[in-house]
Structures are given as structure tokens and as C-alpha cells.
Amino acid sequence: MSKEEAILRYKTSMAVFKKWRSEGAITDADLLAIDTLLAEKYSLSSCSIFLENDLLCGEKRVIDSTVKGGSYGKKNNQN
């Protein structure tokens, strides 16, 4: 299977599971576990840009993290 086909199959599968989550059939935790399993099944790296991980989620944002005493994304470097 080519890398492009693997990505397409992963994305298609995740679309189905995301719909199930929106309908309440599975939880966010279930979706995260399914995401991990599908990534492994289709040989996608855990840091692949094609994964469905929500990097814009507040608690996962690197831009809001503190680095060397500063806080990126905050006005005047204040928390």
C-alpha cells in the first residue's frame, strides 16, 4: 500500500469515528484510542501532519507554553 493510500484510508476511517463521536456513540477517549490504533495500522508516525490530533486545542498549544521565562501568545508576556 502506498503512503498516499494509507493516509486516505486513515482519514476515511477517522471521518466515520468522528461522526460516531458527534452522535454520542463513542467518547473522546475512545476516539483518541482509535486514532492511535489506526495510525499504527496504516504505519503513520505519531508526529505525522496527517493525523487527526487537534493541535489547536488550548492545552496542547505550544504557542501558549512558557519558554525561558516568557509566555508566547500572551500580551506583554503576562499570564
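Each peptide among 13-26, 31-44 gets the average number of other Cβ atoms lying within 10 Å of its residues, and from highest to lowest they stand as 31-44, 13-26.
Between residue 46 and residue 25, take the C-beta separation as r, use R0 = 25 Å, and let me know the FRET efficiency to the nearest 0.05.
Values: r = 25 Å, r/R0 = 1.02.
Working from the Cβ atoms, E equals 0.50.
Read-outs throughout are calculated quantities, based only on the coordinates presented, and are distinct from any laboratory measurement. Fair warning: this is a prediction, and the values are worked out from it, not measured in the lab. Heads up, the Cβs are rebuilt from the backbone with ideal geometry, glycines too, and the neighbour counts pull from every protein chain shown.
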